[in-house]
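The values are calculated or read from the model by the stated rules, or taken from the named source; none is laboratory data. As the structure is a prediction and not an experimental result, all values here were calculated from the model. Note that each Cβ is placed from the backbone with ideal geometry, even for glycine, and that neighbours are counted across all protein chains shown.
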Amino acid sequence: MDGHLPSMHGSIQINLPRTPYKYICIAMIEARKKKKKKLQLQQQQQLVTNKVMTMDRPNVAVAAVGLLVAAVAATLPAPSWGQQQPANKLITSTSGSGKGLSKWVAMNQEEYVEKKALHTMATAEELGGKKLDANLTAAEEAKVTWVIDPKGTPGDTTFTSITAALEKVPEGNKKRVILDLKPGAEFREKIFLNLSKPFITFKSDPKNPAVIAWSDTAATRGKDGKPVGTVGSTTVAIESDYFVAHGVVFKNDAPMAKPGAEGGQAVALRLFGTKAAIYNCTIDGGQDTLYDHKGLHYIKDCLIMGSVDFIFGFGRSYYEGCTIVSVTKEVSVLTAQQRSKTIEGALESGFSFKNCSIKGQGQIYLGRAWGESSRVVYSYTDMSKEVVPVGWDGWDIAKPESSGIYYGEFKCTGPGSDAKKRVGWALDLTEEQAKPFIGTHYIYGDSWLIPPE
């Protein structure tokens with residue numbers, strides 16, 4: 001991300017079987033119904049039916065599942081924007097998770113199953129597309145696997161480079177293409193996956209991962225003789241939708257820039273397409289390591305290393321079980337989230353971190369506000385002593401407390417989670433306030449998340 005540091009110095013994803021989960025979910029709902037008085041339920045259903053007949057189309061879905069929604073309303077998370085939030089407390093404590101976490105796990109499991117059942121009882125159109133994505137389903141049913149081995153013999157399904165394989169993927173691709181990268185191999189490639197080639201998977205072995213590496217920085221000169229900039233520095237750029245990576249190292253191995261140096265941005269991975277899932281990967285760089293640019297993203301069990309603003313952008317992303325490491329002895333900033341009223345599509349963005357671990361060296365800030373409404377939430381996250389007591393930085397926002405910035409923490413642990421000295425506009429979230437951010441529902445994952453191959 002362009003800009004310099006100011007001088008101030010578990011997963012709860014429920015992997016239900018893709019089939020026959022529909023029947024399991026419906027059975028669970030039916031079991032609940034039988035506990036209610038039959039006559040009372042019939043009367044309520046009749047009232048809803050009568051009301052539906054007089055409603056406009058946009059309201060039909062709500063009424064049609066109204067009774068079921070009422071049964072689970074206590075567990076369904078409300079959106080975190082566009083509604084009046086309860087009064088926030090300034091952060092005073094982030095004592096351990098304990099029974100609270102167990103309670104949340106049980107609640108989230110129940111919520112996930114019940115939401116699945118609700119989605120089977122109305123059309124995708126009525127429920128905003130919350131059934132399993134039809135395009136994704138079709139692509140998975142037609143998937144193919146290609147082997148990528150630098151020392152292999154090229155053939156119809158065997159390639160010596162990732163670039164060569166991607167060139168063979170047709171424009172408008174409609175099938176899942178799994179690129180099986182040889183474990184332990186290093187691919188010195190600068191990769192750009194354009195938006196016309198969705199449903200691509202990079203797969204390797206988490207215990208012996210393939211490495212994709214390049215060494216451009218923002219100051220690197222392009223073919224036109226001009227600096228390529230932050231976007232152009234990227235080792236692997238993903239602009240297509242439905243991307244999946246598993247057991248791969250994404251690396252920008254350019255020499256680490258000195259703090260405040262111009263043109264030192266060196267992106268390892270940029271995610272611009274939506275519905276991307278990254279599992280058991282390493283994303284390794286210095287300044288601006290992971291450009292979480294735009295779209296819905298799920299990053300699980302990954303190692304992310306960097307120095308300044310090394311997770312940045314205006315994606316709407318859920319980080320679960322990740323280890324986040326500062327590699328600089330100077331001031332380090334983990335996030336620069338760009339939620340903004342002035343950027344199309346950015347207002348509903350934000351980063352949520354759950355069950356993560358923050359460690360490393362230097363003076364670590366949890367985030368600084370790239371946009372006037374920057375939004376980042378850490379839940380059940382372990383924070384090392386290197387996390388500075390104030391926690392957050394408003395960057396150049398004059399009045400962070402009134403600009404729309406939303407920086408929150410919920411039941412974090414570790415010496416860096418002692419939030420008594422946090423900035424006054426940081427939030428100690430209540431359980432109700434944290435719910436929308438804790439779970440794959442934050443990224444509407446029930447319609448598109450699939451397990452790694």
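Residues in segment 287-324 that are of a type in the set (A, V, I, L, M) and surrounded by fewer than 23 Cβ atoms within 10 Å (Cβ to Cβ): 2 in all.
Taking segment 195-229 only, how many residues are assigned to a loop (DSSP other than H, G, I, E, B), of a type outside the set (Asp, Glu) and within 11 Å of VAL248 (Cα to Cα)? Please lay out each step first, then the result.
Of all residues in segment 195-229, those assigned to a loop (DSSP other than H, G, I, E, B) come to 195-199, 204-209, 215-220, 222-226, 228.
Right, trim to of a type outside the set (Asp, Glu) and you get 195-199, 204, 206-209, 215, 217-220, 222-223, 225-226, 228.
Those left that are additionally within 11 Å of VAL248 (Cα to Cα): 204, 206-209.
Qualifying residue count, segment 195-229: 5.
Looking at segment 366-407, which of its residues are buried (at least 19 other Cβ atoms within 10 Å of the Cβ), among the small types (Gly, Ala, Ser) and not in a strand (DSSP E or B)? Across segment 366-407, the qualifying residues are ALA369, GLY371, SER373, SER374, GLY391, GLY394. Looking across ALA261, ALA277, ALA266, one residue alone is at pLDDT below 95 and either over 26 Å from HIS441 (Cα atoms) or of a type outside the set (Val, Ile, Thr) (or both). It is ALA261. Summed over segment 328-361, the residues that are outside any loop (DSSP other than H, G, I, E, B) and more than 19 Å from GLN287 (Cβ to Cβ) give a count of 5. With a requirement of 1 or more residues that are closer than 16 Å to VAL236 by Cβ, the strands (runs of 3 or more DSSP E) lying completely within segment 285-327 that satisfy it span 296-300, 303-306, 308-313.
Is it fair to say TRP395 is within 17 Å of PHE312 (Cα to Cα) and over 17 Å from the mean Cα position of the chain (by Cα)? Spelling it out, TRP395 is indeed within 17 Å of PHE312 (Cα to Cα) and over 17 Å from the mean Cα position of the chain (by Cα). If you scan segment 177-226, which residues turn out to be touching an Asp or Glu at 6+ places or on another chain (Cβ under 8 Å), among the β-branched types (Val, Ile, Thr) and more than 18 Å from GLY273 (Cα to Cα)? Within segment 177-226, VAL211, ILE212 qualify.
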